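Derivation of every value follows stated rules applied to the coordinates shown; laboratory data play no part. In this text the structure is predicted, and so the values were computed from the model without any measurement. All Cβ positions, glycine included, derive from the backbone under ideal geometry; neighbour counts span all protein chains shown.
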Amino acid sequence: MFEIIFLGTSASAPSVRRGLSSQVVKHNEHRFLIDCGEGTQRQILQSGIGFKRLDKILITHGHLDHILGLAGLFSTFSRWETIPEVEIMAGGYALERIKKLLYGVQIIHPRKSQIKLTMTEIQPGILFEDDDFSVTAFSVSHRGPDCFGYLFEEKPRRPFLVEKADALGVPAGPLRGALVKGETITLKNGKVIGPEEVLGEEKEGTRLMHVGDTGRIDNLLAHCKGVDTLVIEATYMEEEKEMAKDFAHLTAGQAATLAKEAGVNQLILTHISRRYRERDVRNEAREIFPNTTIARDFDLYQVKRGECIKVKQN
């Protein structure tokens with residue numbers, strides 16, 4: 001299961017009810033901050049999630065409405081020494097702008113800061129891998145170079161069949177854990193039990209995809225196929241599709257078309273312009289893909305295989 005908390009859902013400039021682009025994806029003890037628009041640190045505090053373990057930052061692209069909040073965030077980190085080390089992962093163009101932002105005005109002083117800051121230039125492919133999930137970057141088309149989307153994917157697993165373990169006399173505890181890991185065990189009575197005796201058929205893991213600003217959907221279709229939840233921008237509506245094309249953004253209709261063609265389970269739209277009413281954006285998308293919601297600041301969703309549940313609503 002993944003959780004996604006929306007910290008900022010506005011397009012280009014903040015509105016009264018929406019901050020600039022930022023969200024946190026959680027899986028077990030891991031937390032990933034995706035983008036960091038102006039005011040993100042206040043949104044983090046207001047959301048109640050705090051700064052603990054917020055040590056991995058994924059940037060979709062280098063436009064200021066997606067990175068300006070890093071200055072305030074790291075200023076706070078430097079004063080409070082909240083987190084000992086942080087890794088920022090982004091394309092080359094975005095990293096150059098971030099370095100100027102943080103070091104050019106000495107938000108972070110390389111010789112004085114207690115934070116170990118690593119800036120990793122990414123390419124399409126796996127960025128992070130743990131025992132049970134991975135994060136993969138893929139290219140998207142927006143204005144400027146090095147723009148990326150991110151796929152959070154649990155690894156396939158075979159469920160542990162408790163009733164079979166009970167029938168075989170496997171006691172609760174480390175022996176069952178060893179079987180889950182695929183190891184063969186020996187009981188006290190000498191009986192040998194292999195993992196295939198207590199594990200069910202392999203099941204695919206949960207898949208959550210996040211796409212920041214983009215102007216095309218044709219090059220995203222293969223990446224989005226069958227994901228459980230797709231989070232993507234919807235800056236414009238079809239009535240202004242030419243303007244969307246000019247600025248390399250999507251309409252709500254285009255985002256919904258991608259979700260329909262890719263066979264995703266749930267579509268969540270973000271990067272919403274204050275020029276439109278939320279219900280109009282939602283209605284345009286739902287005419288094409290009914291299982292669509294519009295993210296609001298501080299919304300929290302749990303993403304599981306085949307379902308997406310809003311557990312907290314702004």
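Report the gain in length on full extension from E204 to K100: 0.36 nm times residue separation, minus Cα-Cα distance, nm rounded to one decimal.
Result for the pair: 33.2 nm of gain on full extension.
Taking a quarter of the surface of the convex hull around the Cα atoms of the chain, what do you get in nm²?
Mean orientational projected area (the chain, Cα hull): 18.3 nm².
Between V311 and I115, what is the label-to-label distance in nm when each label sits 7 Å out along the Cα-to-Cβ direction?
Computed distance between label sites V311 and I115 equals 2.8 nm.
Under 8 Å for C-alpha pairs, at least 6 residues apart: give me the relative contact order for region 166-281, rounded to a whole percent.
Taking the mean separation of contacting Cα pairs over the length of region 166-281, I get 21 percent.
Let me spell out the model: positive unit charges on the Cβ of Lys and Arg, negative unit charges on the Cβ of Asp and Glu, origin at the Cα centre of region 143-232. What dipole size does that give, in debye rounded to 20?
On the way: 13 positive and 14 negative charges, 45 e Å.
That gives region 143-232 a dipole magnitude of about 220 debye.
Take the Cβ-Cβ distance between N219 and F160 as r, set R0 to 41 Å, and report the resulting FRET efficiency rounded to the nearest 0.05.
Working: r = 39 Å, r/R0 = 0.96.
For R0 = 41 Å, the calculated efficiency reads 0.55.
Which of the pairs K164/K188; K56/K260; K56/K99 have their Cα atoms more than 22 Å apart in this structure? Walk me through the numbers on the way to the answer.
Details: K164/K188 18 Å; K56/K260 31 Å; K56/K99 16 Å.
With Cα atoms farther than 22 Å apart: K56/K260.
With +1 assigned to the C-beta of every Lys and Arg and -1 to the C-beta of every Asp and Glu, and no other charges, what is the dipole magnitude of the chain about the Cα centre in debye, to the nearest 20?
Details: 42 positive and 43 negative charges, 185 e Å.
It works out to roughly 880 debye.
Over the chain, what relative contact order in percent results from Cα pairs under 8 Å that are six or more residues apart?
16 percent
Taking the Cβ of E85 as the centre, find all other residues whose Cβ is under 9 Å away and add up their charges (Lys, Arg: +1; Asp, Glu: -1).
-1
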